[in-house]
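A short write-up of the structure that comes next.
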Amino acid sequence: MRKLGLILLLFIFISTAYGQSSELSVHLNSGLFSFGGQSATKNSIIIANDAGSNYTINPYGTKKTFSYGFSAQLQRITNYKLIFGLQAGYELLRSRVNINDVSGEFLDPPSSASGQTTFKNGFITLYPNIGRRFIFNDLNIDLTMGPELGFNILSREQGEATTNNNIVVKTDRERNHANTDFRLRSSLTVYYKNWGISTGYSYGFRNYSGDLVGGNRERFSRFIRFGITYRIK
């Protein structure tokens, strides 16, 4: 993975030396994030205890949730309309699970519950990419692809559920950080003059449960992207 990043950075350097033009742009990103894999889930349970450290058994939700971020990008466009770019930024990715039960010590034990837990993960991202620009009249259409590295700096769950006998149970706690998420990302950006709109998809390969033993513990990031961008020069 490190060698691939160095190769792409070398390509950027070469294209900078022999290319035609460079562009700097800023991006406001949003999208729908969720987890995939055999251990990602739609429904989960909150464990309640007297110590107040309630938690969700499995917060890795398959329910897509609105997420957002921002980034800056430097691109080099060659004479042959090839693109060599590097994008860096921050994003807060959120997934969600439905809570259908609560477990713990209760004087009147509930038989069911209704609520949800949101799992938030903050990342510093680095996205070296290559691609091609297509020009149609006043439109510039950039199609790019490359590896994306997400350096996790925040993992937190926040949830609330109400039991069938009207007991409200909440959870708000930090989770173990996911370290570095490695994804394959594709992007399509359409510019009209300096403004543009973008869409894309990030497919994660890092197993968020890779350090756990037993069962089919597979949880991978999935992110459908869209946003707006502005070319500074």
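The values are calculated or read from the model by the stated rules, or taken from the named source; none is laboratory data. Worth saying up front: this structure is predicted, and the values here are computed from it rather than measured. Counting neighbours? That spans all protein chains shown, and the Cβs are built from the backbone with ideal geometry, glycine included.
Residues checked against (1) in a strand (DSSP E or B); (2) touching a helix residue (DSSP H, G or I) at 6+ places or on another chain (Cβ under 6 Å); (3) of a type in the set (A, V, I, L, M):
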residue: ILE45; (1), (2), (3): yes, no, yes
residue: PHE66; (1), (2), (3): yes, no, no
residue: TYR80; (1), (2), (3): no, no, no
residue: ASN100; (1), (2), (3): yes, no, no
>> Exactly one condition in (1) within 20 Å of the chain's Cα centre (by Cα); (2) closer than 23 Å to GLN87 by Cβ is false for ASN58; which is it?
In response: (2)
> From the list SER198, SER209, which one is in contact with a Lys or Arg (Cβ under 8 Å, 6 or more places away or on another chain) and either more than 20 Å from THR65 (Cα to Cα) or outside any strand (DSSP E or B) (or both)?
Replying inline: SER209
> When you look at ARG231, is it among the basic types (Lys, Arg) and either in contact with a helix residue (DSSP H, G or I) (Cβ under 6 Å, 6 or more places away or on another chain) or surrounded by fewer than 20 Cβ atoms within 10 Å (Cβ to Cβ) (or both), yes or no?
Replying inline: yes
>> Checking the conditions here, which among ARG217, ARG222 is under 18 Å from ARG94 (Cα atoms) and either not in a loop (DSSP other than H, G, I, E, B) or not aliphatic (A, V, I, L, M) (or both)?
In response: ARG222
>> Looking at the structure I just gave you, is PHE35 under 20 Å from ASP181 (Cβ atoms), modelled with pLDDT of 95 or more and surrounded by fewer than 17 Cβ atoms within 10 Å (Cβ to Cβ)?
In response: no
>> Test of understanding: among THR125, THR62, which residue is touching a residue at least 40 places away in the same chain (Cβ under 8 Å) and either closer than 22 Å to VAL169 by Cβ or not charged (D, E, K, R) (or both)?
In response: THR125
>> Take the residues in segment 129-182 that are part of a strand (DSSP E or B) and out of contact with any strand residue (DSSP E or B) (no Cβ under 7 Å at 6 or more places or on another chain); name whichever of them is farthest from TYR90 (Cα to Cα).
In response: PHE136
> Any residue at all in segment 164-184 that is free of Cβ contacts under 8 Å to residues at least 60 places away in the same chain, under 18 Å from HIS27 (Cβ atoms), touching a Phe, Trp or Tyr at 6+ places or on another chain (Cβ under 7 Å) and not aromatic (Phe, Trp, Tyr)?
Replying inline: yes
> Here are TYR191, TYR230: which of them is in contact with a strand residue (DSSP E or B) (Cβ under 8 Å, 6 or more places away or on another chain), assigned to a strand (DSSP E or B), closer than 19 Å to TYR90 by Cα and in contact (Cβ under 8 Å) with a residue 12 or more places away in the chain?
Replying inline: TYR230
>> Can you tell me how many residues within segment 140-184 are surrounded by fewer than 20 Cβ atoms within 10 Å (Cβ to Cβ), over 20 Å from PHE35 (Cα atoms) and modelled with pLDDT of 95 or more?
In response: 4
